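First the structure, in the form of structure tokens, and then the observations on it.
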Amino acid sequence: MKRLAVNRYKCGYCGACIAVCKFNANELVETYLEIYHDKCTLCMACVKTCPMNALEVVE
Amino acid sequence: MTDCDVIVVGAGPGGSLAAKTAAEKGLDVLLIEKRQEIGVPVRCAEGVGREEFEEFVMPVEKWIASEIESAELYSPSGYRVKLSADQAGNEVGYVLERKIFDRYLAMLAGKAGAEVLTKTSAVWMKRENGNVKLGIRCMGEFQEITAKIVIGADGVESRVAKWAGIDSTLKLNEIESCVQYLMTDIDFNPTTTYFWVGRKYAPGGYIWLFPKGKDSANVGIGVMPSMAERPAKYYLDRFVREKFPEGEIVEVVVGGVPVKGAIDTAVSDNVMLVGDAARHTDPITGGGIINAMKAGYHAGITASEAIEKGDYSESFLKRYDTRWMNDFGQTLVRNRKLQEKMLKLNDSAFDRLFKGIGEMPIGEMNVRRLALELFKKEPKLLWDLREFLV
Ligand SMILES: Cc1cc2nc3c(=O)[nH]c(=O)nc-3n(C[C@H](O)[C@H](O)[C@H](O)COP(=O)(O)OP(=O)(O)OC[C@H]3O[C@@H](n4cnc5c(N)ncnc54)[C@H](O)[C@@H]3O)c2cc1C
Ligand code: SF4
Ligand code: SF4
């Protein structure tokens with residue numbers, strides 16, 4: 001199944017991806033990005049916004 | 001009975017100013033910050049205009065990294081526009097050391113009487129009997145706190161906005177995706193800020209260099225996700241390789257800057273939003289420190305009036321909307337429109353404009369004024385922009 005994955009070695013925990021998610025499918029817990037896969041629609045908004053290219057959809 | 005009058009979520013410049021103002025008005029204030037160290041990691045290029053900044057806080061040496069006297073802007077083919085202060089010695093801006101500055105502001109809030117908790121996140125919120133209940137996780141322990149008012153100063157990733165029912169989600173043309181390196185071993189004038197504009201450098205945004213003292217500088221980029229084909233980091237790396245191949249990177253900063261312009265409302269029952277949470281950043285410059293402080297101040301004042309009246313309803317708190325709208329909200333609206341026009345300029349248009357302008361004096365660093373000057377040189381754009389030129 002396709003799902004959104006965060007590369008923690010790239011992520012700079014900036015919160016930009018959260019500002020563009022309409023589905024409340026992500027959250028920045030201090031410096032740890034949580035993705036709530038049950039809410040994520042794979043709309044790609046966060047993937048396009050991430051300055052560090054830390055997000056991708058994987059199989 | 002509530003546990004306190006006001007809970008402020010987030011100890012950035014907006015939250016600390018709100019907490020300080022409310023505490024000075026005699027309210028019982030709790031300021032919570034999810035990070036364990038206030039101000040770190042930094043998400044900012046740290047530039048502020050001098051005059052407006054000093055209305056809120058007098059500069060202290062330990063958090064002023066540089067004093068800025070002039071700016072240089074470069075078009076895609078390298079034409080330069082220089083902006084310099086009218087009179088020599090009248091510096092136009094500062095570059096801050098936000099790690100220290102943010103802490104200094106939080107301490108001012110503490111000194112004014114606010115209770116400050118770090119490593120403490122707000123995790124949920126609900127309204128109850130006219131008050132508001134906030135779930136917090138304080139160093140790993142859950143607690144519930146009731147208050148009369150919550151001020152959401154929780155930055156670009158604001159959860160308070162969502163809990164309050166204020167839709168602040170940004171579209172891909174309403175955010176700048178940013179990366180910045182603190183660089184050393186590069187050449188620059190320590191009293192000058194530098195900007196590179198055009199799609200070649202930064203689709204839908206710009207590249208900046210802000211000196212931090214003599215030896216290092218913030219070199220960063222913002223791109224608009226709707227226009228950029230690659231991540232922000234790609235464009236910055238390309239620029240740095242070309243311009244500063246010998247430079248060393250000693251810190252990386254990442255962030256998102258709202259460029260939505262004014263939102264319809266930043267209040268709902270028991271809740272006010274300030275700063276980045278309310279998308280208060282300027283759509284052209286991306287600057288948000290001063291607006292966050294202004295909004296924090298207005299929210300603190302409004303909170304004290306609401307508590308005096310015993311009315312925390314949306315309709316009472318609306319006066320906060322009026323205040324920030326009159327203070328800087330109109331500028332956000334105008335600058336958003338101006339930005340939309342600027343985004344249409346292609347690189348050769350920037351080259352022509354810059355070539356035509358050369359040098360011009362300014363009193364206060366003001367990118368908006370520059371934009372207007374640029375457009376005056378281009379009659380076709382002028383017609384489009386007639387509403388801005390009065
Ligand atoms: C790369 C970059 C460059 C920039 N350059 C400039 C510049 O040169 N000049 C300028 O004026 N502005 C600049 N800005 C914008 C500026 O940084 C922001 O506008 C400013 O920090 C906004 O202040 P704030 O108080 O609203 O939010 P922030 O400073 O973001 O503070 C929000 C705080 O809330 C905390 N928080 C979030 N959620 C919770 C929670 N649930 N519980 C508890 N705490 C929480 C966060 O940890 C954070 O500390 C830049 C931004 C970026 C990303
Ligand atoms: S936008 Fe990218 S770098 Fe920023 S928190 Fe999200 S995944 Fe991490
Ligand atoms: S892909 Fe869309 S829904 Fe999923 S986390 Fe990213 S922005 Fe949210």
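The values are calculated or read from the model by the stated rules, or taken from the named source; none is laboratory data. Keep in mind it's a predicted model, so treat the numbers as computed, not measured. In this analysis, Cβ positions are derived from the backbone assuming ideal geometry, glycine residues included, and neighbour counts consider all displayed protein chains. Ligands, DNA and RNA are excluded from the accessible area calculation, which covers all protein heavy atoms including side chains. Shrake-Rupley method; radii C 1.70, N 1.55, O 1.52, S 1.80 Å.
Tabulated data for the structure shown
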read-out	value
Cα-projected label distance for B:ARG127 with B:GLU305, points at 7 Å along beta-carbon direction, nm	2.0
Cβ neighbours within 10 Å from other chains - mean over A:19-25	6
Rounded to 5, percent antiparallel among DSSP beta bridges of the protein assembly as shown	75
Accessible area buried at the A-B interface, both sides summed, 1.4 Å probe (Å², nearest 100)	2000
Förster radius 60 Å - calculated FRET efficiency between B:ASP351 and B:GLU144, Cβ distance, rounded to 0.05	0.50
All Cα pairs of region B:201-346, percent lying beyond 26 Å	40
Given B:LYS99/B:LYS214; A:LYS39/B:LYS309; B:LYS233/B:LYS260; B:LYS162/B:LYS212; B:LYS126/B:LYS309, the pairs whose alpha carbons are separated by over 30 Å	A:LYS39/B:LYS309; B:LYS162/B:LYS212
Those residues of region B:130-163 for which accessible area with every protein chain present is at least 10 Å² below the isolated value (1.4 Å probe)	B:ARG137, B:VAL156, B:GLU157, B:ARG159, B:LYS162
Size descriptor, Kirkwood hydrodynamic radius, that averages inverse alpha-carbon separations across region B:95-151, Å	13.1
Summed residue charge, Cβ within 12 Å of B:TYR104's Cβ, Lys/Arg positive, Asp/Glu negative	+3
Taking only Cα atoms of region A:3-58, radius of gyration then Dmax in Å	9.7, 25
For chain A, Cys with no neighbouring Cys Cβ under 4.7 Å	A:CYS11, A:CYS14, A:CYS21, A:CYS40, A:CYS43, A:CYS50
Long-range HN-HN contacts of A:GLU56 with modeled amide H, under 5 Å	A:ALA5, A:ASN7
Where labels lie 7 Å past Cα in the beta-carbon direction, separation of B:GLU242 and A:PHE23 in nm	3.7
Relative contact order [Cα under 8 Å, 6+ residues apart], chain B, whole percent	22
For residues of B:71-84, the mean tally of beta carbons on other chains within 10 Å	0
Protection proxy ranking of A:49-58, B:19-28, B:291-300, A:3-12 - average other beta-carbon atoms within 10 Å, highest first	B:291-300, B:19-28, A:49-58, A:3-12
Gyration tensor verdict on the protein assembly as shown (Cα atoms; rounded if a/c is under 1.5, prolate if a/b is larger than b/c, oblate otherwise)	prolate
Solvent-accessible area per residue for region B:120-160 (1.4 angstrom probe, square angstrom)	40
With every protein chain in place, chain B: carbon and sulfur % of accessible area (1.4 Å)	47
Segments B:210-219, B:7-16 sorted - mean Cβ within 10 Å per residue, highest first	B:7-16, B:210-219
For chain B, share of DSSP beta bridges that run antiparallel, in % to the nearest 5	70
Accessible surface of region A:3-58, 1.4 Å probe, proportion on carbon and sulfur as whole %	51
Relative contact order (%) - region A:3-58, alpha-carbon pairs under 8 angstrom, separation at least six	49
Average other protein chain Cβ within 10 Å of Cβ, residues A:46-59	5
Heavy-atom accessible area per residue - region B:306-345, 1.4 Å, Å²	52
Sequence ranges B:187-194, B:59-66, ranked by mean other-Cβ count within 10 angstrom, highest first	B:187-194, B:59-66
Amide H contacts under 5 Å for B:TRP124, placed H, 5+ residues apart	B:GLY135
